[in-house]
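The values are calculated or read from the model by the stated rules, or taken from the named source; none is laboratory data. Everything numeric in this text was worked out from a predicted model, so none of it was measured. Methodologically, a virtual Cβ is constructed for each residue, glycine included, from the backbone with ideal geometry; neighbour enumeration extends over all protein chains shown. Only protein heavy atoms, including side chains, enter the accessible area calculation; ligands, DNA and RNA are left aside. Shrake-Rupley method; radii C 1.70, N 1.55, O 1.52, S 1.80 Å.
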Amino acid sequence: MYQIAIVIFDDFTDVDFFLLRDILGRKSSDWTVKVLGTKSVHTSTLGMEVKTDGHLAEVSDADTVLFCSGYKGVPAALNNPEFMSALKLNPQQQLIGSICAGAFILAKLGLLDGVPATTHPDAKPALEAEGVCVLDKALVVNGNVATAGGCLSQMYLTGWLIERLYDADKRRATHRQLIPAGQSEIFDKLITQTIAEA
């Protein structure tokens, strides 16, 4: 069974974590999800407390590692030696993804060196200032590393992940309860196209 790690920190963006956790938490028979951080409890930007399932160092054991966002939380995490030193990742063996400002963590780890990426439009200038070529796309994939821009682009990020682990049918089954009524064909076409063009 695959193990998926979701990385959080204080002042993470609520929707970026909770939507990601909810989407992936719907298929517990296909993978396990662990929330990892440097503390036993992390508090979101809106004050929600989330218990972690283990220390951040456990990312090295995961098949997939996904980074949340946080316009205040990410800068603090990048300046936290405990946080950064615990991130022992292997992009040859692991699938690695980020949502919005989580891309700054991937950049700091050198995972975006010489390759394009995406992030939330508001964060684009700052990520470009870090030397990253930022595209105006919802999802950008380079090998085993994916970046997604905008909270709702998690449909594409999780879709990419699920298709890499399984296939499009598993992705459709996982997303089924999330799709607005009467729009399954529209969303399936959009998700399929976005992943293909990533």
Would you please name the residue that is farthest from Q154 (Cα to Cα), looking only at residues in region 18-37 that are outside any helix (DSSP H, G or I) and open to solvent by less than 30 Å² (accessible area, probe 1.4 Å)? G37
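Have a look at L87, L112 and point out the one that is of a type outside the set (G, A, S), open to solvent by less than 60 Å² (accessible area, probe 1.4 Å), in a loop (DSSP other than H, G, I, E, B) and farther than 20 Å from A57 by Cβ. Give the derivation first.
Details: L87 fails: farther than 20 Å from A57 by Cβ.
That would be L112, the only listed residue that is of a type outside the set (G, A, S), open to solvent by less than 60 Å² (accessible area, probe 1.4 Å), in a loop (DSSP other than H, G, I, E, B) and farther than 20 Å from A57 by Cβ.
Filter region 139-198 down to residues that are β-branched (V, I, T), touching a residue at least 12 places away in the same chain (Cβ under 8 Å) and assigned to a helix (DSSP H, G or I), then give me how many there are. Full working, then the answer.
So in region 139-198, the residues β-branched (V, I, T) come out as 140-141, 145, 147, 158, 162, 174, 179, 186, 191-192, 194-195.
Now restrict to residues that are touching a residue at least 12 places away in the same chain (Cβ under 8 Å): 140-141, 145, 147, 158, 162, 174, 191-192, 194-195.
Within this subset, residues satisfying the condition of being assigned to a helix (DSSP H, G or I) are 158, 162, 174, 191-192, 194-195.
Within region 139-198, residues that are β-branched (V, I, T), touching a residue at least 12 places away in the same chain (Cβ under 8 Å) and assigned to a helix (DSSP H, G or I) number 7.
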When V65 is evaluated against the numbered criteria (1) under 22 Å from L127 (Cα atoms); (2) part of a helix (DSSP H, G or I), which criterion, by number, is the only one it fails? (2)
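Those residues that are in a helix (DSSP H, G or I) and closer than 10 Å to A146 by Cα, I need them from region 97-109; list them, please. Explain how you work it out, then say what you get.
Here is the first cut: in region 97-109, the ones in a helix (DSSP H, G or I) are 100-108.
The answer is A103, L106.
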If you go through L152, L165, L161, L157, the only one that is touching a helix residue (DSSP H, G or I) at 6+ places or on another chain (Cβ under 9 Å), open to solvent by 10 Å² or more (accessible area, probe 1.4 Å) and among the hydrophobic types (A, V, I, L, M, F, W, C) is L152
Among (1) farther than 26 Å from S29 by Cα; (2) open to solvent by 30 Å² or more (accessible area, probe 1.4 Å); (3) touching a residue at least 24 places away in the same chain (Cβ under 8 Å); (4) in a helix (DSSP H, G or I), the one test that A126 misses: (3)
Looking at (1) open to solvent by less than 20 Å² (accessible area, probe 1.4 Å); (2) in contact (Cβ under 8 Å) with a residue 60 or more places away in the chain, find the lone condition where V15 falls short. (1)
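Would you check which residues across region 72-82 are in contact (Cβ under 8 Å) with a residue 60 or more places away in the chain and open to solvent by 30 Å² or more (accessible area, probe 1.4 Å) and list them?
Within region 72-82, K72, A76, N80 qualify.
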Report whether or not S60 is surrounded by fewer than 16 Cβ atoms within 10 Å (Cβ to Cβ) and among the polar types (S, T, N, Q). yes
Just checking, does region 83-97 include any residue being farther than 23 Å from V33 by Cα and without any contact (Cβ under 8 Å) to a residue 40 or more places away in the chain? no
Taking only region 129-183 into account, find how many residues are under 16 Å from the mean Cα position of the chain (by Cα) and on the phi > 0 side of the Ramachandran plot. 2
Any hit, region 150-160, residues being closer than 19 Å to G25 by Cβ, of a type outside the set (F, W, Y) and out of contact with any Ser or Thr (no Cβ under 9 Å at 6 or more places or on another chain): yes
